[in-house]
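The values are calculated or read from the model by the stated rules, or taken from the named source; none is laboratory data. Since we're looking at a predicted model, the values are computed, not measured. Note: ideal-geometry Cβ built from the backbone for every residue, glycine included; neighbour counts use all protein chains shown. Heads up: the accessible areas ignore ligands, DNA and RNA and are worked out on the full protein's heavy atoms, side chains in. Shrake-Rupley method; radii C 1.70, N 1.55, O 1.52, S 1.80 Å.
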Amino acid sequence: MTLLRTLVTLLLALGLTGCAIVLVQPYSPEQRLQLALQRGDIVLVREIMAVLPADEDDADRAALRAWLERAERHVEQAMLMQAAGHLRREQWTQAQASYDHGLAVRPDSEILKAARARAIKEQQEHLQHLRVRLLLSQGRALTTLTPLYAQVLRADPEDPSIRQALAQAQQDTGQVAEGLLQLGLSAMDEADLALAVEALSLSQALVPDATAEAALQSAQAAQTRQQALERRAHQAQLQAQWAQRTQVLFSNFEGAMEAGDLPAARRHLLALEQAQPRDATVRRLRRELAKAVDAEVTLGLETGRRLYLDGKIPEALETWRNLLELRPDHPDLQAHINRAERALESLRRLEPGGPGAAGTP
């Protein structure tokens, strides 16, 4: 009866205290065992039972060993479920604490060890994904904010907050560009060509660099080859479903993308959408073209800005106008074109013999 009462006490303690670990200092293993059972310290019960000779077990102690095995399995399952709940809520620290508590009770549990290792790997991958997103977001922000700050200062050179913001952006640009370059190179090594092209395009737009340019060209070429292989493979699966006109349009689109002729690819895609408006492949090609166009416009906008600031306004205007066919509704692009046209008109008025020159009727 003493053992039964002790086990009941232990069960109540486990339910009420969550298996809290309490350090005790009794005088003998038997006394320590009784105190550990009374306090609900299953970890300490396990440690004491491990050092007691099994060949000296009486009926009560054998029953206690059997109960302890069942209790350990119960805690193992409970901690697995608890950790899974934390992981669903992205509570990584709490999940690891659940695994650690389970392993303290059942240190040889392969299930707990494997689950803990998977959780650590998942956390690392999630953290890496977030850091990549953060770096890309910083790069996109700087390509927009830095020239915008400069434009505000040209209109209001005395604005201290904008001057400070521009200085900070310029300070951050080099570090972010280097981070994007390393990200792009690493993505190329891992054959993640989409990420490589995006990262290297942003790096090159922020800080033009020979290394970044060469890597970007290599990544773009590899991505073009990869996309061509994917398109051909997908086209082979659907070839029987496509009409002759659709096949011709697809081939034209593929050829334009491989040649880097994005305006032609856009025209062929519009024809494809008219021929197959609900086709999943056409939707996939639209997303592929949109990404290529966004990368081209981002790089072209920055190239035009540098030409404009260097006084090469006609070249900047031509660069921006060439992008209009790709993104005719791009607000920044149209604003740059309008500003460059006004600047050229002002320069023509100042030329000798121009409509605004002195002495001209």
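Report the relative contact order of the range 55-212, percent, no decimals, based on alpha-carbon pairs under 8 angstrom and at least 6 residues apart. 16 percent. Over the range 247-361, calculate the relative contact order: mean separation of alpha carbon pairs under 8 Å at least 6 apart, over the residue count, as a percent. Relative contact order here is 16 percent. Between E341 and E258, the modelled labels are 3.8 nm apart [label points 7 Å from Cα along Cα→Cβ]. Accessible surface for the range 133-237, divided over its residues, is 54 Å² per residue with a 1.4 Å probe. Measuring with a 1.4 angstrom probe and ignoring ligands and nucleic acids, E318 comes out at about 110 Å² accessible. Ranked by the mean number of other Cβ atoms within 10 Å per residue, highest first, peptides 205-211, 117-123 order as 205-211, 117-123.
So if we plug the beta-carbon distance of Q123 and L324 into 1/(1 + (r/R0)^6) with R0 = 41 Å, what FRET efficiency do we get, rounded to 0.05? Intermediate values should be presented prior to the final figure.
Values: r = 46 Å, r/R0 = 1.12.
In this case the efficiency is close to 0.35.
The portion of the accessible surface of the range 151-298 made up by carbon and sulfur, rounded to a whole percent, is 49 (1.4 Å probe; DNA, RNA and ligands excluded).
Tell me, what is the FRET efficiency for R287 and Q94 to the nearest 0.05, using R0 = 41 angstrom and their Cβ-Cβ distance as r? Mind dumping the intermediate values first?
Numbers: r = 38 Å, r/R0 = 0.92.
Efficiency, from the Cβ-Cβ distance: 0.60.
Taking the highest mean first, how do the peptides 158-164, 225-231 order by number of other beta carbon atoms within 10 angstrom per residue?
On the way: 158-164: 11.6, 225-231: 14.1.
The densest-packed peptide leads the list: 225-231, 158-164.
For the set M81, M188, M49, the ranking by accessible area, highest first and with no ligand, DNA or RNA atoms included, is M81, M188, M49 under a 1.4 Å probe.
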